[in-house]
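Here is the structure we will look at.
The values are calculated or read from the model by the stated rules, or taken from the named source; none is laboratory data. All values derive from a computational prediction rather than experimental measurement. No Cβ is skipped: glycine too gets one built from the backbone with ideal geometry, and neighbour counts run over all protein chains shown. The protein model used for the area step is the full one, side chains on, heavy atoms only, and it has no ligands, DNA or RNA in it. Shrake-Rupley method; radii C 1.70, N 1.55, O 1.52, S 1.80 Å.
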Amino acid sequence: MVLRSLKGSLCLLFLWFATTIAIDIHGRVEWNDVCSNATELGRAKAILDSGSEYAGSITASGDFTIFDVPSGTYLLSIITHDYTFDKLRIDVHNPADAQTVEVRPYIEGTPLHPPSTVILPYPIKVSAKGKFAYFSPPDSFNLITMLSNPMTMMMVFGGIMMLATPYMMKNLDPEALEEMKKEQAKVAGVQKAIASGDFKGGISAIMAAADEATAATVAKTPQKSGKSKKSKR
Amino acid sequence: MRFLPLLFLIHALGCWAIHESDVGTVDWHKKLVGIPLYKSPATAPRFASVDDRNVILTASANNVLAALDAKDGTVAWRYVFDPEDRIAGFYQNGNTVVTLSGPGGAIARGLDIKTGVLTFERRLHANSEGLLVDPNDLGKGIAIGTTSQDVYTLTNGHTVTRLDKSTGKPSWTWSGQDQSSLTLFTKLLTTTDTVYVIGVSSSFASYTLHVVSLSSSTGQVLADSEIPSSIVNASADLFAFVHSGSAFAAWLENGNARSLLLSPTLKNKQAQTLSKQSFEELLDVGLSDLGLFVGKGSRGSTVINLGDNASLGSTIGSSDASAIYAGFHADGKPHIAKSFWSTSTEKYILEVNALDASAPTILPLEHADVAHFTLHVASSGEPQVFLTTESGTVQLYTGTQVQWSREESLATTTLAEFVELPEQISAEADAKGESFTHRLLRHAVQAKDFPRYFSSFVRRFITGSYASATSAATAAADGKLSRDAFGFRQVIVTASHVGGKVFGIDSSNGDILWSRALGAGVTPSKIFTIKAVSDGVDPEVVIVTEKRSEEARDTVVFHLNALTGEDVAGSGTTIVRGQGSDAFLLDYGSKFIIILDDLQRVHFYPDNDESRRAFTDNHSKLSLPSLASKNGHTVIFGSHFAFNEDAGEHPVAYRTWELPLPKDERVQTIDRAHRGPVASLGKVLGDRTTLYKYLNPRLFIAYTVTASKSLCGLYLVDSAKGTVVYQVQLPANNGACNIQATLSENWLVYHYYESEVPSSDVHRTKGYRVVTVELYEGQGPDDKTESSDMSSFDKAATDVFAFEESYIFPHAISALAPTSTKFGISGKDLIVATKNHKIQSFPRRLLNPRRPHRKPTSQEAEEGLFQYDPIIYDDPKRVISHTYEVANVQKIVTAPALLESTSMVFAFGLDMFLTRVAPSGTFDVLSENFNKAQLVLTVSGLIAAIMFTRPMVQRKRLREKWYM
């Protein structure tokens, strides 16, 4: 077609050479669940590199053509407002032969060399990877979420326990009660010693406590004491 | 896994995002199309109907093709063309709009008329082969096949291509003699099986008509003929039309209208001449299908028929050179409309004439500066007129009423300034010396509002609906212009390039409060707020303009009240006879403007003793950078001021330094830093040392181009003595330098395209980069030189070191700006207008140049630094323009609100967009998440618990007392 138009015109023969050392790159946006048609996609362009020289618009059918691309290595990106697409690396080796156009996946920010070993088919096929979600859901008041908040639950539980313990104590076995009181006294002793800064006394109190459960609480106390010391400073 | 760091990051930066409910309350978006390109019939607005819905198709000076809904004037769709792809014309072909654009008409596109979706895109020749002509539509054309509906294009003045109507696939191409020949084809006509290409060949003093007929099925030349004729202006005096199936060429020759019936063999060379009357101008008013034209002569305008039998039609109107015509026909019934100054009614009117005995419809017009209009007559006989004025207003008249109106000159805005509004109290306050009875009465009157106040107080107390940072900035109840609680409501004064139109825009909703046309030939160059609300008066702005008239170019200053747009001091004061070179706002207690003329003399505005005294006292410290032309290219120089005997009353600026540049490096432009309050002078590091910011107030950015090496330069220069503080050379993108940069405090950010990848050795990668630079005093931490107060002549003035880091940026951008807040305490975000029509914010923490290239130490973590990642992720939650398509932004202006946390962002170019951002979160207002109901519920729950337990505790105590 190009030939015919320039028939008989010698000076334009150069022009013909100029146009044949470039190739038209064809591609297609495949519709998927993320983006199912051109109206949804909106205005979109396929660009090579910065798009200042080689670019093509995406038509209603999803096809695009980037005209007159000379040999070289390019990054193809699809520019849209609302959708994300993967970038592709396009190598044009011999503009006279469309079979030599190589398409490879490309991950943003990685060096172009060495090229990926995966070769994708040409003509290019791309599809939307995701749709941008610009809005964050509003925080609304909900009694259930408020009550399921651990702080609220703790508070409510504390309140109930406060009311319920006297009755529970009443129903408790007197011996068990005695045991519990002892234990409480031990813990209180340790806590008191630490609070007053008397570590030796605290440690001896801990040593004295033979009970395993008490020992478990002690494991945490040195850390706590260190912190309290730092904060005092 | 790849996105794991991103998730961490989002978490680290706090989840600040827009809620869907905030849309339209915190932001607004004006979708504009630009002023119609009415000068050429190929791009002029026209009516089209789509499924019983009328739209107006228009191509605009902003390079947009748009369909406006005739019902309400909203944009049904628009297609924004790239800047280098100028629209040459558009044509309706059934349900498709076919466009030709680019140099020489390089690209043909088909757009769906209902949705604006692209149906095909076809390149007809390479951009570099494009023939550049003036006017842009010359040598390009589209004709639609009568039976096939296929598209025939004429491009580059010599190539005809037949394209398939739906796919745009070419079936044949015919090229006339090459571009170097003397024939330029300008018109294309189609009949059933012949395509006529009509053009002109240059001869000695004028042009000769040249016609080629082609077979529409094969594109073969049937005949090629020159018709003896003499045409002076090929673009204005030559017409081609198809009338009842036959093709005609018509032209104006020596004041006579001539027309020629074309046949495929082109045997007929005898043109018929309408010799009864001579015309100065022949107009195609859109009735050429009927063979009707309007001939404008010295004695009046006449409708003439250049079809089968050239004849004179009815005479319309007397001699009126300024009259504008438009025509419309439906079912063969022509209408012609004409706009003119009616001396009888002393009004600008539009007369619609049905070319028969019936009385014309008269429309009184609002605007006197009508530039163009398009006519449509409904089947009921009711005329619709789409009108464009010189100052960029477009209006639709239905019957005699204005149905809607759009201010399209907003799309050419070049300057914008935020102006604070006065408080409501000060707006209401009475004179100070009011008497007791008067005050009593005033209070009594105001007491009528008490029940409303009380009910709203109770409601507010119960529901907890407080004003928050995301509530709408509502107007005062009395409709007066006053600010809201947080200062979100301000006036944005904008100045447009076209017609010198100035607008006052309400920043709360985008409504136009007032508009003014400064006059024809006025180009605004600078805008300054000379008096603010804090001065105790209505805020005032000064617009420095260049006024071009036939004889001269003067610098004229307009001083306006920002609330009303009224003149404060006369309507335009001419400051400089001749071209002014630059203008600056100085603030030494009182604000005034100095304007330099081309002899570097200083002119004052307002020119009074106060500003002269302030200038005399302070001029020795003043140093201003300017651009000037030297040996045919631009240089940057710095000026100081002196009082010179010869210059009389004007102080003179004299050059003290000139930025020395390598031989082929050219200055592009300069950009002054964003000035704002500085809250802290240093940055305390994790190890308790301090980095002191380099806060030289005289720094400015200079951009340069080195075409021979394909490099772009960026310099930070001190304006006092031209010292280069920071410089960088960046690769040009295909020879074009399009670096976007901004400097605020000690923080420089620039954005460019990195394309420098040698094709043989592809080691690196290409893409957009953003580089962030922070400048600090001295040689390292704890080195303090007090740069903010230092003289430029101090030795330590250039004692500076920089942290810099480069990141891969996800977008091409067209503008960028840092946020600005009232006291500068809040963090600064970078606001960016991307080329995919979004406004996006990027947090400063992400762009910190000190981000470590390893896992941060605890000291670094304490400073809020996190590990370097070369990629800046495209976080959709930070797209502050969300679903809006804010197209072709040229500039972003940020302004503080009364809330320290919040900054207003205003972007303009084609569209206008305004929103609020809080870079550090809205720490100074009750959080959006604050839940009053929850608080009230918890408190009342506790009260109930106390009431419940109190008797129990009392009982227990009593018991304890008894049994102790």
Practice problem: At 7 Å along the Cα-to-beta-carbon direction for both B:Ser171 and B:Arg442, put a label point, then send me their distance in nm to one decimal. | Solution: 8.3
Practice problem: Report B:Leu100's accessible area, 1.4 Å probe, all protein chains in place, as a number in Å² to the nearest 10. | Solution: 0
Quiz item: According to the square roots a ≥ b ≥ c of the eigenvalues of the Cα gyration tensor, what is the shape class of region B:811-963, taking rounded for a/c under 1.5, prolate for a/b larger than b/c otherwise, and oblate for the remainder?
Solution: prolate
Practice problem: Show the residues, 5+ positions off or on another chain, whose built amide H is closer than 5 Å to the amide H of B:Thr119. | Solution: A:Ala60, B:Gly110, B:Leu111, B:Asp112
Quiz item: Given 0.36 nm per residue, what is the gain on full extension from B:Asp52 to B:Leu898 after removing their alpha carbon distance, in nm?
Solution: 299.6 nm
Practice problem: Work out from phi, with θ = phi - 60° and the Karplus expression 6.51 cos²θ - 1.76 cosθ + 1.60, the ³J(HN,Hα) of each residue of region A:110-119, listed in order in whole Hz, and give x for Gly and Pro. | Solution: 8, x, 6, 10, x, x, 5, 7, 7, 10
Exercise. Measure off 7 Å from each Cα along the Cα-to-Cβ vector at B:Ser358 and A:His26, then give the distance between these two points in nanometres to one decimal.
Key: 5.4
Quiz item: Say R0 is 60 Å: what FRET efficiency, to the nearest 0.05, do B:Asp134 and B:Asn644 get from their beta-carbon distance?
Solution: 0.85
Quiz item: What is the diffusion coefficient of region B:716-816 in µm²/s, taking the Kirkwood radius over Cα pairs and the Stokes-Einstein relation at 4 °C with a viscosity of 1.567 mPa s?
Solution: 83
Quiz prompt | Accessible area per residue in Å² at 1.4 Å probe, computed on region A:21-131 | solution = 43
Quiz item: Where in region B:949-964 is the amide nitrogen less than 13 Å from a point lying 7 Å along the Cα-to-Cβ axis of A:Met162?
Solution: B:949-954
Practice problem: Set the Förster radius R0 to 60 Å, insert the Cβ-Cβ distance between B:Asp869 and B:Ser380 as r into 1/(1 + (r/R0)^6), and round the FRET efficiency to 0.05. | Solution: 0.35
Self-check item: Residue-level accessible surface for B:Thr345, protein heavy atoms, 1.4 Å, Å²
Solution: 80
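Mind checking the per residue accessible area of region B:849-942 for me, 1.4 Å probe, whole number of Å²?
With all protein chains present, region B:849-942 gives 40 Å² per residue.
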Quiz item: Using helices alone, what [θ] at 222 nm do you get for the protein assembly as shown, with -39,500 (n - 2.57) per DSSP H run of 4 or more residues, divided over all residues and rounded to the nearest 500?
Solution: -4500 deg cm²/dmol
Quiz prompt | Peptide B:878-885 - average C-beta neighbours from other chains (10 Å radius) | solution = 3
Quiz prompt | Integer Hz, Karplus 6.51/-1.76/1.60 couplings in order for region B:885-898, x for Gly and Pro | solution = 9, 8, 8, 6, 6, 9, 8, 10, 10, 10, 8, x, 9, 6
Quiz item: With labels modelled as points extended 7 Å from the Cα through the Cβ direction, what inter-label distance (nm, one decimal) is found for B:Arg553 paired with B:Gln149?
Solution: 5.2
Quiz item: What percentage of the solvent-accessible surface of the protein assembly as shown, computed with a 1.4 Å probe over protein heavy atoms, is contributed by carbon and sulfur atoms?
Solution: 55
Quiz item: B:Ser202 to B:Lys267: FRET efficiency via 1/(1 + (r/R0)^6), r the Cβ-Cβ distance, R0 35 Å, to the nearest 0.05?
Solution: 0.90
Practice problem: Please state, rounded to one decimal and in Å, the Kirkwood hydrodynamic radius that region A:21-131 gives when every pair of distinct Cα atoms enters the mean of 1/r. | Solution: 14.1
Exercise. Could you rank B:Trp77, B:Trp962 by how accessible they are, 1.4 Å probe, largest area first?
Key: B:Trp962, B:Trp77
Quiz item: Over all directions, what mean area does the Cα convex hull of the protein assembly as shown project, stated in square nanometres?
Solution: 66.9
Quiz item: If you put +1 on each Lys and Arg Cβ and -1 on each Asp and Glu Cβ, how big is the dipole of region B:212-296 around its Cα centre, in Debye rounded to 20?
Solution: 260
Quiz item: How far, in nm, would the chain grow between B:Ser435 and B:Ser298 when pulled straight, counting 0.36 nm per residue and subtracting the alpha carbon separation?
Solution: 42.2 nm
Exercise. For B:Lys71, B:Lys501, A:Lys131, give the ranking by accessible area with the largest first, probe 1.4 Å.
Key: B:Lys71, A:Lys131, B:Lys501
Quiz item: For chain B, with only Lys/Arg (+1) and Asp/Glu (-1) charged at the beta-carbon, what is the dipole magnitude about the Cα centre, in debye rounded to 20?
Solution: 2860
Self-check item: Area accessible to solvent at A:Ser71, 1.4 Å probe radius, in Å²
Solution: 70
Quiz item: Per-residue HN-Hα couplings for region A:64-73, Karplus 6.51 cos²θ - 1.76 cosθ + 1.60 at θ = phi - 60°, whole Hz, x for Gly and Pro?
Solution: 9, 9, 9, 8, 6, 9, x, 5, x, 10
